[in-house]
Amino acid sequence: MGKLGLAFAAGIATGTCLAAAVVVGRRVRRRRRWWRALKVLEELEERCATRVERLRQIVDAVAVEMNAGLASEGGSKLKMLLTHVQNLPTGNEQGIYYALDIGGTNFRIVRVELDGQKSDSIKHDVERMPIPPHLMTGTSEELFDFIATSFEKFVRTLEGASNGSRAESMELGFTFSFPVQQISTSSGDLIKWTKGFSIPDMVGEDVSECLLEAMSRKGLNMQVTALINDSVGTLALGHYYDEDTVAAVTFGTGTNACYLERGEAIIKCQGLFSTPGAMIVNIEWGNFWSSHLPRTSYDLDLDADTPNPNEQGFEKMISGMYLGDIVRRVILRMMQESEIFGPISPKLQDPFILSTPMIAAMHEDNTPDLSEVAKVLKDSLEMADIPIFARKVIVRVCDVVTRRAARLAAAGIVGILRKIGRDGYGGFPSRKKKGTVHIKMQRTVVAVEGGLYANYAIFREYLNEAVEQILGEEVASHVVLKLIEDGSSVGAALVAATHRGSSGGGRSVYEHGQPSGGMTR
């Protein structure tokens, strides 16, 4: 081969090497981009870890905070508010009752007809309506006038044109699922707003009076017989169906819990009530906090962007209003660290644009190519042509965030059981020790309501699994988590029925037995 041929061959070899180097370089850079995205996922998994040992520490912390909140006002992050509800439905209630349920971005109006016979299905009419976002940060008069107008239309449709203003007032159960300092069964002052609401002129005001004034302006003759929150309504309806119900939790836009407590255990109010026995205590557990909670930088950033920073920390980790936004923040971080998703969509910068139902749809996508994930990303975030591997990463993010939420929620439930001695240890530490007294368990029912638990199957499965892991299989077999529908609305009507007049129409929870002493040694 001549010099020209050798030079030509050398040129070809050099070109081939350069091309190979370019290909290898691209692969290395691509792998590095993938590695950066996976590193974000790995850090998320590590910081969201909820091993059983940690969950049991949270159980102990919940029980300690509950005791502290019962001992003195301001003694705990948990307000442990007295509801004044001591009568629970028996099935003997009769009459027509209305209920208004305000607890998040929607409200419900319900009409319940009771015939004095316990039934597996309570006859009721219901209407659901969204609350316009501008009313969530407006004035109390604007909010309640809007609700009263809707209520008036509902009543007149069912009762006729003249009955809304009849001389005899109609009984109303009012579910208002925000922290309220209860004054009586039917009245209470708003402590603070949560779940995205911020109406300063209403803080410290009697919420029942605000509602009745708006009703009066619309010509409605209503009487608030019971002012409760959603979890109290859920407990009442749960007890109507199953008298072993001792607690209730709600998982929806927000989250809360309540339970039956012995009167003598409410130290901060001893001597203030003439009626002995038990009372429903509103825990307001959304504000629970403990150093054992696995908090991430995404939680900190989300908290800073809410109207109530440094409050409702537990709620912001487990409730439906916030899970979608935590996932959004993780995806945004991945896109900032890596190019695997393509250019950053401006939509991804919008807080709360990714709702929890959307992450549930992605999380539960069983299609081979994760087409539902692609649809949600395209329709809600304007992220098109996302590769399949990136979709799998997003599903994993949804799983990590949801699993943490469900398992923390489970720890909260077991914390309530610990407080009332229904966790199999009768007040002993969460791990068996030598000399522990054997406890014989009694059947215990916890009523559960809310779209997050009812409609998000994976969340529900993770929660149920964690309850069993914390309690142990033997004890968990005596604990029933029972899904309740319309507890916050129909339950409010039932509480109104049991407290009609001064004496109430239901049975004192004390007559059903000591709620905190439901086990024998």
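The values are calculated or read from the model by the stated rules, or taken from the named source; none is laboratory data. Predicted, not measured: the structure shown is a model, and the values here were computed from it. As a convention, Cβ positions derive from the backbone with ideal geometry for all residues, glycine included, and neighbour counts pool all protein chains shown. In case anyone asks, the SASA skips ligands and DNA or RNA and just uses the protein heavy atoms, side chains included. Shrake-Rupley method; radii C 1.70, N 1.55, O 1.52, S 1.80 Å.
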Scanning region 38-85 for residues that are open to solvent by 50 Å² or more (accessible area, probe 1.4 Å) and among the aliphatic types (A, V, I, L, M), the one farthest from Asn229 (Cα to Cα) turns out to be Leu38
Filter region 477-521 for residues that are in a helix (DSSP H, G or I) and open to solvent by 10 Å² or more (accessible area, probe 1.4 Å); the one that is modelled with the highest pLDDT is Glu511
Filtering strands (runs of 3 or more DSSP E) wholly in region 68-158 for at least 1 residues that are in contact with a Pro (Cβ under 8 Å, 6 or more places away or on another chain) and closer than 20 Å to Gly487 by Cα gives 106-115
Exception for Leu293 within (1) under 18 Å from the mean Cα position of the chain (by Cα); (2) assigned to a helix (DSSP H, G or I) falls at (2)
Within region 225-257, residues touching a strand residue (DSSP E or B) at 6+ places or on another chain (Cβ under 7 Å) and surrounded by fewer than 24 Cβ atoms within 10 Å (Cβ to Cβ) come out as Asp242, Asp244
Residues of region 438-475 being in a helix (DSSP H, G or I) and either open to solvent by less than 20 Å² (accessible area, probe 1.4 Å) or among the hydroxyl-bearing types (Ser, Thr, Tyr) (or both), in sequence order, are Leu452, Tyr453, Phe459, Tyr462, Leu463, Ala466, Val467, Ile470, Leu471
Scanning region 345-375 residue by residue, those without any contact (Cβ under 8 Å) to a residue 24 or more places away in the chain, outside any helix (DSSP H, G or I) and open to solvent by less than 70 Å² (accessible area, probe 1.4 Å) turn out to be Asp350, Thr367
Of (1) in contact (Cβ under 8 Å) with a residue 40 or more places away in the chain; (2) open to solvent by 70 Å² or more (accessible area, probe 1.4 Å); (3) in contact with an Asp or Glu (Cβ under 9 Å, 6 or more places away or on another chain), Asp120 satisfies every one except (3)
If you go through Ala236, Ala214, the only one that is more than 22 Å from the chain's Cα centre (by Cα) and small (Gly, Ala, Ser) is Ala214
